[in-house]
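What follows is one structure encoded as structure tokens, with my remarks underneath.
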Amino acid sequence: MRMAIFSIGFLIAYGLVEGQAPSTRNGSPDSLIASIDRLLQNPSVTSSVWMALLDSAEARSDVSLTLSANLLPWLCHLDNAAPERRTFASVMLGAFVAGNMREQLRSGKKMDSPVQGLKAVLSVYGMLRNRSPEFTDRTLDEWSVLEKNKRLSSLVDSLVLQPEQKCG
């Protein structure tokens, strides 16, 4: 089963976002790209900004995203996860959406871009690791090595072709 765009309700149900987000639905692609760039450069901003980004991705007709457990394994098994782990999952999901959406808006082509989504995830993960070296994620550490070796695209291609991983 493919996970379509996550509804904001999913994130709220897991306590990953709080508060009311400002709407970015009507933003021009250039202003939205600038907002995404700022968000990716400073991923420690409030949850409402991540919520607004997800809301925008879901509402835009010029963006197509496929969210898959194969590409987003940290979203699995959140039922009993510590609050820090749920926050991590939220930030990584937001980074994936931001990178994927940014590439589509930049290119003007409505086409899922999971490689760019994962590059954004790895960039944000690296920033968070620099701030808190004790926090690690084995999968993202492995994927970071692949990115450094210019093999992330091959990984994404193989993950997209694999049968959908099931959470739970």
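The values are calculated or read from the model by the stated rules, or taken from the named source; none is laboratory data. As the structure is a prediction and not an experimental result, all values here were calculated from the model. Don't worry about glycine lacking a Cβ; one is built from the backbone with ideal geometry, like all the others, and counts go over all protein chains shown.
Summed over the range 66-91, residues that are in a helix (DSSP H, G or I) and farther than 24 Å from residue 29 by Cβ total 11. Look at the range 120-147: where a residue is farther than 23 Å from residue 36 by Cβ and in contact (Cβ under 8 Å) with a residue 24 or more places away in the chain, no partner that is in a helix (DSSP H, G or I) and among the charged types (D, E, K, R) sits 6+ places away or on another chain with Cβ atoms under 6 Å. Tell me yes or no: at least one residue of the range 104-116 is among the hydrophobic types (A, V, I, L, M, F, W, C), out of contact with any Asp or Glu (no Cβ under 9 Å at 6 or more places or on another chain) and more than 21 Å from residue 41 (Cα to Cα). The answer is no, given that none of the residues of the range 104-116 is among the hydrophobic types (A, V, I, L, M, F, W, C), out of contact with any Asp or Glu (no Cβ under 9 Å at 6 or more places or on another chain) and more than 21 Å from residue 41 (Cα to Cα).
Conditions (1) surrounded by fewer than 21 Cβ atoms within 10 Å (Cβ to Cβ); (2) of a type in the set (A, V, I, L, M); (3) under 12 Å from the mean Cα position of the chain (by Cα), marked per residue:
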| site | (1), (2), (3) |
| --- | --- |
| 36 | no, yes, yes |
| 42 | yes, no, no |
| 58 | yes, no, no |
| 63 | no, yes, no |
| 66 | yes, no, yes |
| 78 | yes, yes, no |
| 97 | no, yes, yes |
| 142 | yes, no, no |
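Only residues that are in a loop (DSSP other than H, G, I, E, B), β-branched (Val, Ile, Thr) and modelled with pLDDT of 90 or more were counted across the range 34-65, and they come to 1.
For the residues 152, 128, the requirement of being more than 27 Å from residue 61 (Cα to Cα) and modelled with pLDDT of 95 or more singles out 152. Considering each residue of the range 47-79, count those that are of a type in the set (Ser, Thr, Tyr) and more than 16 Å from residue 100 (Cβ to Cβ), and give that number. Of the residues in the range 47-79, 2 are of a type in the set (Ser, Thr, Tyr) and more than 16 Å from residue 100 (Cβ to Cβ). Once the range 106-118 is narrowed to residues that are crowded, with 21+ Cβ neighbours inside 10 Å and touching a residue at least 24 places away in the same chain (Cβ under 8 Å), the residue that is nearest to residue 142 (Cα to Cα) is 118.
Rundown of residues vs (1) aliphatic (A, V, I, L, M); (2) closer than 19 Å to residue 112 by Cβ, yes/no style:
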{"site": "141", "(1), (2)": "no, no"}
{"site": "145", "(1), (2)": "yes, no"}
{"site": "150", "(1), (2)": "no, no"}
{"site": "156", "(1), (2)": "yes, yes"}
{"site": "160", "(1), (2)": "yes, yes"}
